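In what follows, a structure is listed as structure tokens, so that the remarks can point back to it.
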Amino acid sequence: MTTETESLQPQIGTNERPALDQEKSMIEIDDLSFSYDHGKTDTLKNITLKIPGNQVTAFIGPSGCGKSTLLRCLNRMNDLVETSKITNGSISILGEDIYGPRVDAIQLRKHVGMVFQKYNPFPKSIYDNVSYGLRIGGEKNKKRLDEAVERSLRSAALWDEVKDRLQSSALGLSGGQQQRLCIARTIAVQPKIILMDEPCSALDPIATAKVEELITELADEFTIVIVTHSMSQASRVSDNTAFYYLGELIEFDRTQNLFSNPSKKQTEDYITGRFG
Amino acid sequence: MPTPKPQKKNPFEKKKQSLFSKEVLIAIVLVVCTYFILACTFGVFGKIIANGAPVLAQYGTHFLTRSPETLVVTEVAEGENFVLPEDAFEVVELYNPKVEFKNTREGQTDEKTERFKIPAGVHAIPDGWVAELESANKGLYINWKSRNPDVDLVVEVAEDTVLTFDSANWEKFRTPIRDNMRVKRTELFNVKETTHTLVVKAGKTRLSKGVIGALDPTDLIYIIQSVLTDDDAASKLFDVEIPNQQTITVNDNIFNTVIGEGEGKLPTISASTDVLITDRSRVTIAAGHYLVPLTSYFDLKDANPGIQFSVRQGKREGVVMGEFPEDATLELPEALYADFIRENPALPVEHIETLSTPTTTITFDLGEPTDLSMPNTERNQLAIFNPSLKVEKEQSFSYSGGGVKGPLIGTALLVTLCIVVALFIGVSASVYLNEYSGKGKFLKTVRLAMLNLAGVPSIIFGLFGLMLFVIAAPRVTSTPAVNDKFKIPLFPSLSEPSMRKMEAEQILAVDSNTSTADAVIKAKTIGRAKFYKGWTFLSFEGWGTSLLAGGLTLAVMVLPVIITACEESLRAVPMGFREASLALGASKWQSIRTAVLPYAFPGILTASVLGITRVAGETAPIMFTAAVAAKSNSPFEITGEPGIVNATENFFLQSLQALPYHIYTVAGRIPQSEFTEPMQYGATLLFLIVVMGLAGLSVWLRIRARKKLKW
Ligand SMILES: Nc1ncnc2c1ncn2[C@@H]1O[C@H](COP(=O)(O)OP(=O)(O)O)[C@@H](O)[C@H]1O
Ligand SMILES: [Mg+2]
């Protein structure tokens, strides 16, 4: 298993790509500051970042530096925290300011899906889990639902494992399968972007490997932003990596560059394990 | 093994404890208290089960299929050939397991029912017969628009009776009689009536108590300066002020008492005397049914106040113009039908057929004078089937016969309504509190309010319900009560109330130009409860003691329990479900509906079943708001005007029997005796079983929910 994922590494590294700041960006974060307490203290400070489309971008950094917070800004999940507030800057996705007055958070989230740290399928059948997003979107046609469920499960590399028990409870699956089910559930609504917040932190190494493999495959179709605390994971799955420290973006570069040749002292300290 | 050295000290050595050390004493107190509780529990349950189980075993389904009624204990003299319908006999046997019914044998009687047709149209019917027809024909409702004063009425004279008339009236009475009234004797006489006209002097005076008493029925206005008591002698004098000069007319008796020499008599300026002579007839008429014009009937009654005319319904006082919108096929028992035909000769009744239902009867003998106990229904049967029954002595015990069907249904209805309302409000409120509202001051206030509500004693909820729902809740009605607090006019009424409704509910009709205030005053002065002026009001007159008022009172009472439980269940649903659902593009409500409520539901259900258990047992809140001790019809038998609106209104605004209130009645409000005990213990045990069953159900639900939903 591990050998298989490691074999992917050179592929990413050797890919010929234009320089990072030349790429067409999917998400543009411009001088963003964010506060959880009405603006008294900023959790995120002046972050400027352009995330390219159809690639895997990893967020790394020590615990509490604001990776999840930034991720949750991207699909406005932070709206749920009443006291939260964007204190400065903006985020645009596909050129549209997502905190602008013309944007509905509900519609936004249909385009920006999210996979959580702790896998959280609903206590329903596998089928119902995957079709959930389409159903609440108003899709009633059984045939189209069936197709979407199969397509999503195939994309999430779960189809062969569950095709015979689509109607049994999702909670009967193993942890790794449940997380891939959550990914399938997210894919089913066909978002442009998938946000993943430490998707493997609750999984064992074998399941982790499977999910990582899946992530690299999905990058063809989706823009993926993944938060991880594992640097090896970042180096295995991502094209680009952003390193945060205490709410600030320290460095953003091609993953290979960042790990082999960090330009900042803090980055170097972190990836060499001197702190964090 | 080497023997331990004797000088070595055992570090774990047991210390000697005195029997009266603090430790031991405390332990004893704790143990005694615990066992005391246990003993009490066993005592209570034991007594209820020991006394209740035999009752349930003896009465069985009878206890569940009959409503409470009076228990009659009749001492019947020995005799032969007592007859009872089979099912009534079975009940009597059930109630008297120790009595030996000798020589029982089966027989048959035919219960005959006449079926007849009344053609569509408006017919004059005595209102007593309206009631009779409606009670014999379920679902029949005869509407009427007017009363008819110009019709004949059958008066039943039970035995030869001497009637006295003013001669003029007697002629009037006799002329239109169509039935041949059998007059046995007519005696003419005249009465001399003397009246005195007094002019009473104004001013202060002293009157004896006797004089004051005699003046009471006259029109004289006077003010007594001190307090009269019953023990005062008739000759005792009181200071009296007569405010102005007045003229009164008194009869001979009063005149002789109030006028005279000496202290305490009435001071007059002048007195004159008139003598009036009236011709009277004293007539003896034979027993029988007589057809009498309605107006003459009232003369007859007025002139002979001492004589009770045998009137079966007690309210055959008038004839109404009953409306039959279409041909009506009706039924009456044979005997009643005969009376009906005789008493309504003008009604175009068309006989269709005679139905006969054969009934098995049981004939039995009693060897010795026997105490027979039975519900009132069976006692009536006994009287009907045995007209010559000799009863030595009879006792009756209210609410102690029959079963608990009515209270059981009543409780079920109250609880259902309560839980539906409480769940709706409770779930809505807790969803708002838990999912929508911020964590600010408002939330804290609501929580505090709820905490307070939870601590309020149930009797206070009863009073609260009385105040709010029974007396002051709003109703949309075109016939508002005159004594409500205020009413808001809404829109013109669609239809006028029928005359029948106006009579039954004491409604005064005024024309639509009369102001509401004037209508209220007018209705109040002539003692009407409601008024109608062609306008529909939102009237804050309350719902009366009713299912609706009781159900809502109970709902308010369990709300804190339900909301607390709902909130807990909602909080137990992992945040992850909400986030996942929102992240998939669900709106807030979608996410709550599809990813939160379904998983909170088992917890909510468990809580509501616990709520039911609590609510089902409450007496105090329903005492003033819903419960009655006696009710003749089942809650599902809706009487009154047909139509879905009326039926709904009647259903929700009816008062009910309820199991806890019934227990309170039989255990606390009626005199106790050995005959009331079966009902007391039977009802209590049944109630206990119901409540324990519900509690058990909630435990089972919780276990099932835990198994099914794990995350
Ligand atoms: N809902 C919240 N309300 C207030 N503070 C929060 C909330 N979530 C996270 N924080 C704070 O924001 C900071 C960044 O947290 P987070 O983004 O979760 O860090 P990371 O994911 O990088 O470990 C932390 O100090 C954390 O305590
Ligand atoms: Mg995090």
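The values are calculated or read from the model by the stated rules, or taken from the named source; none is laboratory data. None of the values given here were measured: they were computed from a predicted structure. Note that we place each Cβ from the backbone using ideal geometry, even for glycine, and neighbour counts take in every protein chain shown. Calculation scope for accessible area: heavy atoms of the full protein, side chains included, ligands and nucleic acids excluded. Shrake-Rupley method; radii C 1.70, N 1.55, O 1.52, S 1.80 Å.
Per the Kirkwood treatment, what hydrodynamic radius in Å, one decimal, follows for chain A from the mean inverse distance over all distinct Cα pairs? Don't skip to the answer; put the middle values down first.
Numbers: mean 1/r = 0.0519 Å⁻¹.
Computed over Cα pairs of chain A, the Kirkwood hydrodynamic radius comes out at 19.3 Å.
Can you list the residues of the stretch A:129-153 whose accessible area drops by at least 50 Å² going from the chain on its own to the full set of protein chains, with a 1.4 Å probe?
A:Y132, A:I136
Please report Rg over Rh for the stretch B:474-541, where both radii come from the alpha carbon positions and Rh follows the Kirkwood definition. Walk me through the numbers on the way to the answer.
Details: Rg = 10.6 Å, Rh = 11.6 Å.
Here the Rg-to-Rh quotient is 0.91.
Roll a 1.4 angstrom probe over the protein heavy atoms and tell me the percent of accessible area of the stretch B:183-283 that is carbon or sulfur. Working shown, then result.
Numbers: 2980 of 6370 Å².
For the stretch B:183-283, the apolar C and S fraction of the accessible surface comes to 47 percent.
Under 18 Å from a point placed 7 Å out from the Cα of B:Y436 along the Cα-to-Cβ direction: which residues of the stretch A:68-101 have their backbone N that close?
Output list for this probe position: A:80-82.
Just to confirm, what accessible area per residue do you get for the stretch B:183-283 at 1.4 Å probe, in whole Å²?
63 Å²
What is the distance in Å between the Cα centres of the stretch B:438-512 and the stretch A:186-227?
Measuring centre to centre over Cα atoms gives 60 Å.
What does the buried accessible surface come to for A and B, summed over both chains, with the probe at 1.4 Å? Round to 100 Å². Let's see the in-between values first.
Working: alone 13200 and 39800 Å², together 51230 Å².
When A and B are taken together, about 1800 Å² of accessible area is lost.
In nanometres, what is the gap between the two model label sites at B:A472 and A:R165, each 7 Å from Cα along Cα-to-Cβ?
Between B:A472 and A:R165, the simple spin-label model gives 6.2 nm.
When all protein chains stay in place, what accessible area (Å², nearest 10, 1.4 Å probe) is found for A:S260?
Rounded to the nearest 10, that gives 90 Å².
Could you pull out every one of the lysines with an alpha carbon less than 19 Å from that of B:K707, ignoring same-chain neighbours closer than 8 positions?
A:K124
Within chain B, what is the longest stretch that has no GluC sites (Glu not before Pro) placed in a DSSP loop and near at most 13 other beta-carbon atoms within 10 Å? Provide the component values of the computation, followed by the final result.
Details: sites that count: B:E13, B:E78, B:E100, B:E159, B:E261, B:E263, B:E326, B:E637, B:E674.
Excluding the exposed sites themselves, the longest stretch runs over B:327-636.
For the stretch B:661-711, which trypsin sites (Lys or Arg not before Pro) are both in a DSSP coil and crowded by at most 11 other Cβ atoms within 10 Å? Don't jump to the answer; show the numbers that get you there.
On the way: sites: B:R669, B:R702, B:R704, B:R706, B:K707, B:K708, B:K710; in loops: B:K710.
Those satisfying the criteria are B:K710.
For chain A, calculate the relative contact order in percent as a whole number, restricting contacts to Cα pairs under 8 Å that are 6 or more residues apart. Could the numbers behind the result be given before it?
On the way: 510 pairs, mean separation 73.4, N = 276.
Dividing the mean separation by the residue count of chain A yields 27 percent.
Once both labels are modelled 7 Å past Cα along the beta-carbon direction, what's the B:F189-A:K264 spacing in nm?
The answer from the label model is 12.9 nm.
Please pull out the direction-averaged projected area of the stretch A:225-271, using the convex hull of its alpha-carbon atoms, in nm² to one decimal place.
3.0 nm²
Which chymotrypsin sites (Phe, Trp or Tyr not before Pro) from the stretch B:476-534 combine a DSSP loop assignment with at most 15 other Cβ atoms within 10 Å? Display every interim value, and only then the final one.
On the way: sites: B:F486, B:F531, B:Y532; in loops: B:F486.
Qualifying residues, ordered by number: B:F486.
Using only helices, what value at 222 nm comes out for chain B when you add -39,500 (n - 2.57) per DSSP H run of length 4 or more and divide by the total residues, to the nearest 500 deg cm²/dmol?
Numbers: 23 runs with 295 residues, N = 711.
Calculated from helices alone, the mean residue ellipticity at 222 nm is -13000 deg cm²/dmol.
How are the alpha carbon pair distances in the stretch A:27-77 distributed across 5 Å bins from zero to the largest one, expressed in percent?
5, 17, 27, 32, 12, 4, 2, 0
So between B:K236 and B:L443, what do we pick up on full extension, going 0.36 nm a residue minus the alpha carbon distance? Write down the numbers at each step before the final one.
Working: separation 207, 0.36 × 207 = 74.52 nm, distance 7.34 nm.
Gain in length upon complete extension: 67.2 nm.
Write down the Å³ per residue value for the convex hull defined by the alpha carbon atoms of the stretch B:655-708.
Value for the stretch B:655-708: 77 Å³ per residue.
Could you give me the percent of Cα pairs per 10 Å distance bin for the stretch B:584-710, shortest bin first, beginning at zero and ending with the bin that holds the maximum distance?
With a bin width of 10 Å, the distribution comes to 11, 25, 25, 23, 12, 3, 1, 0.
Taking Rh as the Kirkwood radius, which is the inverse of the mean 1/r over Cα pairs, what is the Rg/Rh value for chain B?
1.09
In whole Å, what are the Cα extents of the stretch A:155-276 along the three principal axes, biggest one first?
Extents along the principal axes, in whole Å: 53, 28, 23.
Quick one: putting +1 on the C-beta of Lys and Arg, -1 on the C-beta of Asp and Glu, what dipole do you get for the stretch B:183-283 around its Cα centre, in Debye to the nearest 20? The partial results should precede the final answer.
Details: 11 positive and 14 negative charges, 69 e Å.
Dipole about the Cα centre, nearest 20: 320 debye.
Modelling each spin label as a point 7 Å along the Cα-to-Cβ direction, I'd like the B:R704/B:Q395 distance in nm, to one decimal.
The two pseudo-label positions are separated by 4.8 nm.
So, taking all protein chains as they sit and a 1.4 Å probe, how much accessible area belongs to B:I638, in Å² rounded to tens?
60 Å²
Using +1 on the beta carbon of Lys and Arg, -1 on that of Asp and Glu, and nothing else charged, what's the dipole of the protein assembly as shown about the Cα centre, debye to 20? Let's see the in-between values first.
On the way: 101 positive and 112 negative charges, 925 e Å.
The dipole magnitude comes to about 4440 debye.
Between B:L228 and B:D252, what is 0.36 nm times their sequence separation minus the Cα-Cα distance? Round to one decimal in nm. Display every interim value, and only then the final one.
Details: separation 24, 0.36 × 24 = 8.64 nm, distance 2.53 nm.
Difference between extended and current length: 6.1 nm.
Rounded to the nearest percent, how much of the accessible area of the stretch B:380-425 (1.4 Å probe, protein heavy atoms only) is carbon and sulfur? Write out the running numbers ahead of the final one.
On the way: 1380 of 2300 Å².
The C+S portion of the solvent-accessible surface of the stretch B:380-425 is 60 percent.
Keeping the other protein chains in place, figure out the carbon and sulfur percent of the accessible area of the stretch B:542-586, with a 1.4 Å probe.
Working: 710 of 1050 Å².
Heavy-atom surface of the stretch B:542-586 belonging to carbon and sulfur, 1.4 Å probe: 68 percent.
Counting pairs of Cα atoms in the protein assembly as shown, how many percent are more than 52 Å apart?
The calculated P(r) of the protein assembly as shown puts 53 percent of pairs beyond 52 Å.
Find the accessible area per residue for the stretch A:23-95; the probe is 1.4 Å, ligands and nucleic acids are left out, and the unit is Å². Present the calculation step by step, with values, prior to reporting the outcome.
Numbers: 2930 Å² over 73 residues.
On a per-residue basis, the stretch A:23-95 sits at 40 Å².
With +1 assigned to the C-beta of every Lys and Arg and -1 to the C-beta of every Asp and Glu, and no other charges, what is the dipole magnitude of chain B about the Cα centre in debye, to the nearest 20? Don't skip to the end; give the middle numbers.
Details: 69 positive and 75 negative charges, 1194 e Å.
Dipole size: approximately 5740 debye.
Mind checking which of B:S512, B:F531, B:V482 is farthest towards the positive end of the stretch B:474-541's charge dipole, using Cβ charges of +1 (Lys, Arg) and -1 (Asp, Glu) about the Cα centre?
Result: B:V482, furthest along the dipole toward the positive end.
Work out the charge dipole of the stretch B:183-283 with +1 on the Cβ of Lys and Arg and -1 on the Cβ of Asp and Glu about the Cα centre, then indicate which of B:G262, B:Q245, B:I277 is farthest towards its positive end.
B:I277
Any idea what % of Cα-Cα pairs in the stretch A:86-155 are farther than 14 Å? Please report the intermediate quantities before stating the final value.
Numbers: 1688 of 2415 pairs.
Percentage above 14 Å: 70.
Given the Cα-Cα distance of B:R342 and B:Q506 and 0.36 nm per residue of separation, how much length would full extension add, in nm?
On the way: separation 164, 0.36 × 164 = 59.04 nm, distance 3.16 nm.
Extending this stretch completely gives an extra 55.9 nm.
If I take all pairs of Cα atoms in the stretch B:183-283, what percentage of them are more than 15 Å from each other?
Working: 3324 of 5050 pairs.
Result for the distance tail: 66 percent.
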